[in-house]
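Participant: Let me begin by handing over the structure; questions about it come next.
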Amino acid sequence: MQSNTYIEPVFLISNVAKILDIHPQTLRQYEREGLIKPSRTNGQIRLYSQKDIDHIKNVLIFTRELGVNLAGVDIILRLNKKIEILENEIKSYKIRIKNINNLSVVPDTKALIVKETKSNIVLHEKNLSNKD
């Protein structure tokens, strides 16, 4: 069972700034740009979870190490989210297909052979014209 501590908001903006060696204003800018969404207390104090910190680390990798601007980071994050959704859909479809195959009469790994009979049906066409 997964612990909720990973997603529980417990870090103040000053702590996160120290942990990541960035200015608190950078975190505020990331929030304005929609790159991060920290939780807030009733007094509107920002609180960050470990998951938020990991997400910010990814943003910093894009900006610092790869030289991507914030608009590019936003596009990358949106595309990554779409990819994640599509991968989950693919997994779901694979499970559905597997379940359908398990219900089939003939397993998909076997061939269905129909036995041919010796008797054939012969149809006689009645001549309706009076040429006789």
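Participant: Being modelled with pLDDT of 65 or more and loosely packed, with under 10 Cβ neighbours inside 10 Å is true for just one of Gln44, Gln50. Which residue is that?
Facilitator: Gln44
Participant: Something else now. Which residues, taken from the stretch 69-103, are closer than 25 Å to Asn15 by Cα and either polar (S, T, N, Q) or assigned to a loop (DSSP other than H, G, I, E, B) (or both)?
Facilitator: Listed by number, the list holds a single entry, Asn69.
Participant: Right, here's the next one. Need pairs with beta-carbon distance below 7 Å; first residue under 24 Å from Gln29 (Cβ atoms) and within the stretch 74-100, second acidic (Asp, Glu); sequence gap 6+ or separate chains.
Facilitator: Listed pairs, sorted by first residue: Asp74/Glu33.
Participant: When only residues in the stretch 15-40 that are at pLDDT below 95 and of a type in the set (Gly, Ala, Ser) count, which is farthest from the chain's Cα centre (by Cα)?
Facilitator: Ser39
Participant: Oh, and also: State yes or no: is Gly72 of a type outside the set (S, T, N, Q), modelled with pLDDT of 95 or more and exposed (fewer than 10 other Cβ atoms within 10 Å of the Cβ)?
Facilitator: Here the answer is no, as Gly72 does not meet what is asked.
Participant: Working carefully through the options Asn99, Asn58, Asn15, find the one that is polar (S, T, N, Q) and loosely packed, with under 12 Cβ neighbours inside 10 Å.
Facilitator: Asn99
Participant: Let me ask another. In this structure, does Ile61 turn out to be in a helix (DSSP H, G or I) and either touching a His at 6+ places or on another chain (Cβ under 6 Å) or farther than 14 Å from Val16 by Cβ (or both)?
Facilitator: The answer is yes for Ile61.
The values are calculated or read from the model by the stated rules, or taken from the named source; none is laboratory data. All of these numbers come straight from a predicted model, not from anything done at the bench. So basically every Cβ, Gly included, is an ideal-geometry build from the backbone, and we count neighbours across all protein chains shown.
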